[in-house]
Amino acid sequence: MTIKIGMVGTGGFSKKHADILTGMNHVRVVAVCATSEEKAKQFAKQYNGMRGYCDFYEMLNNETLDGVYLCVPPMAHGEMELALVERGIPFFTEKPLGITTAVPKKVVEALGKVPVVTAVGYHFRYLESIQHLKRLLKDHTVGMVTGRWMGTMPEVSWWRNQALSGGQLNEQATHIADVLRYLLGECEEVQAYEAQRVMNRRKENVTVADVGTVNIRFTSGVIANIVNTCVLPEELADVGFTIYTDSAVINWTPEALTIKTATTDQVIVDQQDPYQQEDAIFVRAIQSGSDKQILSTYQDAYNTQRLTEAARVSVEENNSICLND
Ligand SMILES: NC(=O)c1ccc[n+]([C@@H]2O[C@H](COP(=O)([O-])OP(=O)(O)OC[C@H]3O[C@@H](n4cnc5c(N)ncnc54)[C@H](O)[C@@H]3O)[C@@H](O)[C@H]2O)c1
């Protein structure tokens, strides 16, 4: 049976997933929904037989879709997810789930009543290096972790607007927050600081902070810190985390995992594309109707959203925030 996918959004990540999906056997991306007819037409003409829409409901009503990809910015989430749950259509959504937890909470409640296969684009979880680390950490006592998303400001206009993107922790460093949750379990307390240092003076309409730091206390007792900045030139970007255990210093970046002990030094370089993996597993989940192989479901990603939201509230209230309250 051919799996028919509908795509929402016509930006960089819609193309990324559409290219992967159209390369799979028995999968067709049959429709795209854009914010204008022109954009829909431009996107659709890159793919054989794809139809363009600029109304989400028209796409759902005209097409028989087995799954939908939501590759839209944080402010555009909510209504579409709720409509898909109501119709029982599996969906893959890019991270983050929204700007706060308000909209995702409603989606989680809806999924509690009508279970639907979902997946979220926290692709680091699918890396072999992260899978290796998850197994390895069973034999270590983790003391603490330092994580970082040090980069440059994306050019798309919505990203620099706090009300549309939720800021860099919500938009990018969320990947580090999520993968630490995946490896270390849930968090119970968060305390964060943010500031505007450079970008609001250099570029127009910048309302996001350009430096941030968040301290996290995990339920296990592990403590972590994640720092982020978007003031750097692209060439200086640095993303990853370092785990300090009772017997090793483990440094992870999207390129490689390095495990140093007192006597050994091991490097693991990922060979597989995690985006291919997450898309292939989502398609298989549609076919089987089971989300067991999906490493980031909507319900799981909701807890990452709770974590990043707690950091935002901590900044606003100048206080540490307990997640269990
Ligand atoms: N997982 C990853 O590694 C990764 C990487 C890049 C981007 N992303 C995520 O993907 C999402 C999209 O990012 P992007 O880089 O493609 O952004 P983009 O700005 O290039 O594209 C966003 C697209 O969404 C469209 N859009 C906005 N609201 C819409 C709506 N209601 N209906 C239909 N289309 C709508 C815009 O017109 C645009 O085409 C973001 O949340 C981003 O964080 C994830």
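With the checklist (1) surrounded by fewer than 22 Cβ atoms within 10 Å (Cβ to Cβ); (2) not assigned by TED's automatic domain parsing to the domain that holds His17; (3) not small (Gly, Ala, Ser) in hand, flag the one item Trp149 doesn't pass.
(1)
Would you mind stating whether Thr93 is within 9 Å of the ligand (Cβ to nearest atom), over 19 Å from the mean Cα position of the chain (by Cα), among the polar types (S, T, N, Q) and within 23 Å of Gly167 (Cα to Cα)?
Against the criterion (within 9 Å of the ligand (Cβ to nearest atom), over 19 Å from the mean Cα position of the chain (by Cα), among the polar types (S, T, N, Q) and within 23 Å of Gly167 (Cα to Cα)), Thr93 does not qualify.
Which members of the range 310-325 meet the condition of being surrounded by fewer than 13 Cβ atoms within 10 Å (Cβ to Cβ), assigned to a loop (DSSP other than H, G, I, E, B) and touching a residue at least 12 places away in the same chain (Cβ under 8 Å)?
Asn319, Asn324
Can you tell me which residue is nearest to Cys71 (Cα to Cα) among those in the range 1-23 that are open to solvent by 40 Å² or more (accessible area, probe 1.4 Å) and more than 12 Å from the ligand (Cβ to nearest atom)?
Ranking the qualifying residues of the range 1-23, first place goes to Asp19.
Right, Glu58: in contact (Cβ under 8 Å) with a residue 40 or more places away in the chain and either in contact with a strand residue (DSSP E or B) (Cβ under 8 Å, 6 or more places away or on another chain) or open to solvent by 20 Å² or more (accessible area, probe 1.4 Å) (or both) or not?
For Glu58, the condition - in contact (Cβ under 8 Å) with a residue 40 or more places away in the chain and either in contact with a strand residue (DSSP E or B) (Cβ under 8 Å, 6 or more places away or on another chain) or open to solvent by 20 Å² or more (accessible area, probe 1.4 Å) (or both) - is not met.
Which of the residues that make up the range 37-55 are under 18 Å from Phe13 (Cβ atoms) and open to solvent by less than 40 Å² (accessible area, probe 1.4 Å)?
Ala40, Phe43, Ala44, Tyr47, Met50
Please list, ordered by first then second residue, the pairs with beta carbon atoms under 6 Å, 6 or more apart or interchain, first in the range 159-178 and closer than 24 Å to Glu204 by Cβ, second more than 10 Å from the ligand (Cβ to nearest atom) and in a helix (DSSP H, G or I).
Taking only residues 6 or more apart or on different chains, the pairs are Leu169/Thr308; Leu169/Ala311; Asn170/Thr308.
When the residues of the range 279-309 are narrowed to those that are without any contact (Cβ under 8 Å) to a residue 40 or more places away in the chain and part of a helix (DSSP H, G or I), which ends up least open to solvent (accessible area, probe 1.4 Å)?
In this case the residue turns out to be Ser288.
The values are calculated or read from the model by the stated rules, or taken from the named source; none is laboratory data. These figures come from a predicted structure and were not determined experimentally. Please note: Cβ atoms are built from the backbone with ideal geometry, for glycine as well, and neighbour counts cover all protein chains shown. SASA here: full protein model, heavy atoms, side chains in, ligands and nucleic acids out. Shrake-Rupley method; radii C 1.70, N 1.55, O 1.52, S 1.80 Å.
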